[in-house]
Every structure is written in structure tokens, then in C-alpha cells.
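Presented below is the structure to which this report refers.
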Amino acid sequence: MRIMNEFNRGKGMPMDRKINLADVLDIAVRIEEEGSRFYKKAAELETNEDLSKMFERLSKEELAHAQSYRQKKEQLGETEDLFHTELSKEIEEFIHFTLKGDFFDLEVGKQYFTKPHSSVEIIQTAIDMENRSISFYAALRQSAANPETRKMINGIMNEELFHVVRLGKRLEMHL
């Protein structure tokens, strides 16, 4: 969790800081936990019973993913920096910008629900959140030097992609 402590202090990550697989898993846990809270709140507020149940399932899935990533991290032990030492400047800036911004700001999700939103708006926001995660993981995957690291990041991205597909199908039903 050392990397998340740096983000929690609002400092982002020093540009010379190397990211390793344990860091990726810490980030993935945080993204999943944040997603779970969003979906849980959406389920509580949604008046359409089918949508509410879908949001509740997504919340539970996000928590299950977080637990899975914690277990994978525990099995890792010590990890070396598994990313190219020289990232392209654009990818490095994207990673740092993303982690420095409100990506992990827990207040953003709380503020979102302070005003009413339609079912369509909530689904679109959820799709945007999932796509934002996918973009972030894609940058990490592109930077990974180790094939096993890329494989693990692909697995994480696939979970996010599956959510986008499910949400997209529901969005089509409500448009």
C-alpha cells in the first residue's frame, strides 16, 4: 500500500518513482473498492428493480475482484520494478497525471449522488468510470517489461471490459 499512501496524501507519485506489480495490484484494489461503493449507492437510489439488482451485482463483483487482487499481491512477496525503466514521456505523464488527479478521490463518488440522476446518466457515468480504468491499465500494460505483468494487467482489463459490455447492453435498453 506504499504507493497508495503517496496518492492519499494528494501528492501523486514522484516522477522518478518506479511502479512494480505490487503497486499495480494496490491500485487495482483501490479502483475496485471505489467502483463497489459507486455501484452500491446506485443500487440504493435506483427505482428500477432490475437495474438496482444489476448495480448490486456489480458492487459485489468489484469487491470480489478487490479481494482477488489482495490475494495475488500476498502471493507475490517482494517484487522488483517490472516496468521499462524508460517509459515514453507521454505514457509516464499519463500515468502520473491520472494518479495525481481525482481518480482516487473518494469524495467525487459521494458528490455525484448529492443530486438526482436518471438511470441513463448513472449507466453512462459507470461506463465512463470503467473506460477510465481500462485506459489507465492499458498505459500500464504498454509499459510493462515482464510478460507475466502484462498478462495480469490484461486479466484486470478484461474484468473492466466485461462490465462495460454489460452496462452498454443495459444502456441500449433504456435509450
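Values quoted throughout were computed directly from the atomic coordinates according to the rules given, and no laboratory measurement underlies them. Just so we're clear, the structure is a prediction, and the values are computed from it rather than from any experiment. So basically every Cβ, Gly included, is an ideal-geometry build from the backbone, and we count neighbours across all protein chains shown.
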Using the structure shown, select from K40/K169; K41/K151; K53/K151; K73/K115; K89/K169 the pairs with a Cα to Cα distance greater than 29 angstrom.
-> K41/K151; K53/K151; K73/K115; K89/K169
Footprinting proxy, I123, I91: sorted fewest to most Cβ within 10 Å, the residues are I91, I123
